[in-house]
Amino acid sequence: MSGTLSPRQKAYVRKKTKIHELDPSEAAGELNIVPFLDIVVNIIMFLLTLTAYIVVSSELDARLPTTSRGGRGGVQPQASLNLSVTIAENGIIVAGSGGKLAPGCTQMQPGRVITVPNLPNPATDANHDGQPDVYDWRGLTRCLATVKGQFPDENQAILSADPNVEYRHLIAAMDAIRADGELPLFPEMLLSAGVR
C-alpha cells in the first residue's frame, strides 16, 4: 500500500478539515436584533400616529374671557352669572357669582346651604329603613326658571357632583337644567369636578 489516499479518502479528509464559517445569525453569543428593531420602530410610528389623531379629535371649544377697555364714559360690562349646580347627598346646591341661593331661589344665603333639598322617598316607611331620599328635579327646574327670569341672556351652567352621587342623578340633573318643558333654560352644560 502506498502513501497515497484514494479519491474517496481525500474527499473525506477535506470535508472534515474544512473550516466552516458560521452565518452571523448562527454565531454563538450574538443576538440578531434587526427584526426586533423593525418591530419597535413600527410600534413607535403607530403610537405617534394614534396620539396625533387623538389630540386632533379631542379638541375642546374653549372661550376665553374678554376684557374691555372702557373709560369713564364706557359701558359697564354686565356681571356674569357663573351659574353652578352641585349635586350633594342631601340635596342640590345652586350658586352664582354672588354666592349660594337660599331655598326658594329668590335671595342669597352664606354658609352651607342646600337650595333644593331632597324629597322623602315614598318607598320608605316611618322607620326610614335605609332607602335614600330622592332628588327634587322639578324643584331644581323651577329654581332655575326663576334664575333665568333674572338673567335671560345666560345660557351656560356648570354641573358638578359629590363623588358618591350616582351617574344617573347627573344625567337627570342635566335634563332638569337644560329646559323647562319646551322653554330652554341653560342648554350649554359644562361638567366640573365635585369640589366645594
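Rule-based calculations on the coordinates, nothing more; no lab input. None of these values were measured; they are calculated from a predicted model.
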Task: lysines whose Cα lies under 28 Å from that of LYS100, excluding same-chain neighbours fewer than 8 positions away - done: LYS148
Open item on the list: What are the ³J(HN,Hα) couplings of the stretch 40-48, residue after residue, when phi is run through the Karplus curve with 6.51, -1.76, 1.60 and θ = phi - 60°? Round to Hz, x for glycine and proline.
Closed with: 4, 5, 5, 5, 4, 5, 5, 5, 5
Task: Mean Cα-pair separation over length for the stretch 83-191, i.e. relative contact order, pairs under 8 Å, 6 or more apart, % - done: 26 percent
